[in-house]
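The structure under discussion appears below in the form of structure tokens.
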Amino acid sequence: MIYVTRALPVNVDGQPKLTRQQVWKGLVLKADNALPFVPAMTECTVTARLGINVFDRDIVFRGASFSERITLQEPHRVVFTRTAGPVLGTILNEIEEENHELALRFSFAVVVLDVEPGSLEEKRYADDMTDDYLKAVDATLAAMRRIAAESEATL
């Protein structure tokens with residue numbers, strides 16, 4: 001199993017300041033359509049709405065097809081459970097706050113099917129996936145800041 005967790009500060013100097021509500025709204029938008037937020041994703045289609053906070057989607061990430069169940073745990077966490085594809089497991093997007101400073105944490109615990117646990121191949125996959133997810137965190141925060149700046153500009 002591959003387990004990685006990283007947190008990045010939400011608000012940095014020189015960028016639009018985001019509130020918890022704006023970050024949550026961005027995570028909900030990303031869950032529904034991740035294409036503007038995740039550079040390595042080329043397809044994202046909601047396939048079933050199972051409730052107000054639970055839905056399924058199909059994605060293509062790094063050229064591989066996956067099905068995911070999305071659970072919105074308002075106002076702090078989105079859970080992506082991979083239900084089909086070559087990599088199964090759980091990915092979390094969480095809003096954290098310490099000393100009034102927001103952070104966005106991405107964590108994943110996944111198993112790469114047809115790859116020997118602990119092998120060099122698994123380590124390479126983990127390193128690539130970590131790099132992709134750090135890029136996704138950066139892209140997600142950039143998209144949230146862009147949305148916030150556009151909203152302010154229209155007021």
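Below is a table of values for the structure above.
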item: Model label zone, residue 42; criterion: amide N under 20 Å from point 7 Å along Cα-to-beta-carbon; scope segment 60-77; result: 60-68
item: Normalised contact order of the chain, rounded percent, pairs of Cα under 8 Å and 6 or more residues apart; result: 27
item: Neighbourhood charge, 14 Å Cβ-Cβ cut-off, centred on residue 121 and excluding it, Lys, Arg +1 and Asp, Glu -1; result: -3
item: Stretchable slack from residue 114 to residue 53, in nm (0.36 nm times residue separation minus alpha-carbon distance); result: 18.7 nm
item: Residue 58 accessible area, 1.4 Å probe, all protein chains in place, Å² to nearest 10; result: 70
item: Angle in degrees between helix 120-153 and the longest Cα principal axis of the chain, rounded to the nearest 10; result: 20
item: Accessible-area composition of segment 46-107, carbon plus sulfur, in percent [1.4 Å probe]; result: 48
item: Crossing angle, helix 20-32 versus the chain [Cα axis fit, 0-90 degrees, rounded to tens]; result: 40
item: Amide N of segment 79-103 lying under 19 Å from the label point, which is placed 7 angstrom from the Cα of residue 4 along Cα→Cβ; result: 79-83, 85-95
item: Read-out P(r) over Cα pairs in 10 Å bins from 0, in percent, derived from the coordinates shown; its label in (i) 11, 37, 38, 13, 1; (ii) 9, 28, 31, 23, 8, 1, 0; (iii) 11, 40, 34, 13, 2, 0; result: (iii)
item: Net length gained if the chain between residue 92 and residue 138 were fully extended (0.36 nm per residue, minus Cα distance); result: 15.0 nm
item: Average accessible area per residue (Å²) across the chain - probe 1.4 Å, nucleic acids and ligands excluded; result: 54
item: Which of 47, 140, 90 is most accessible, then next, and so on - probe 1.4 Å; result: 47, 90, 140
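The values are calculated or read from the model by the stated rules, or taken from the named source; none is laboratory data. All values derive from a computational prediction rather than experimental measurement. For neighbour counting, all protein chains shown are included, and Cβ atoms are generated from backbone atoms with ideal geometry for every residue, glycine included. When the accessible area is computed, the model is the full protein with side chains, heavy atoms only, and any ligands, DNA or RNA have been set aside. Shrake-Rupley method; radii C 1.70, N 1.55, O 1.52, S 1.80 Å.
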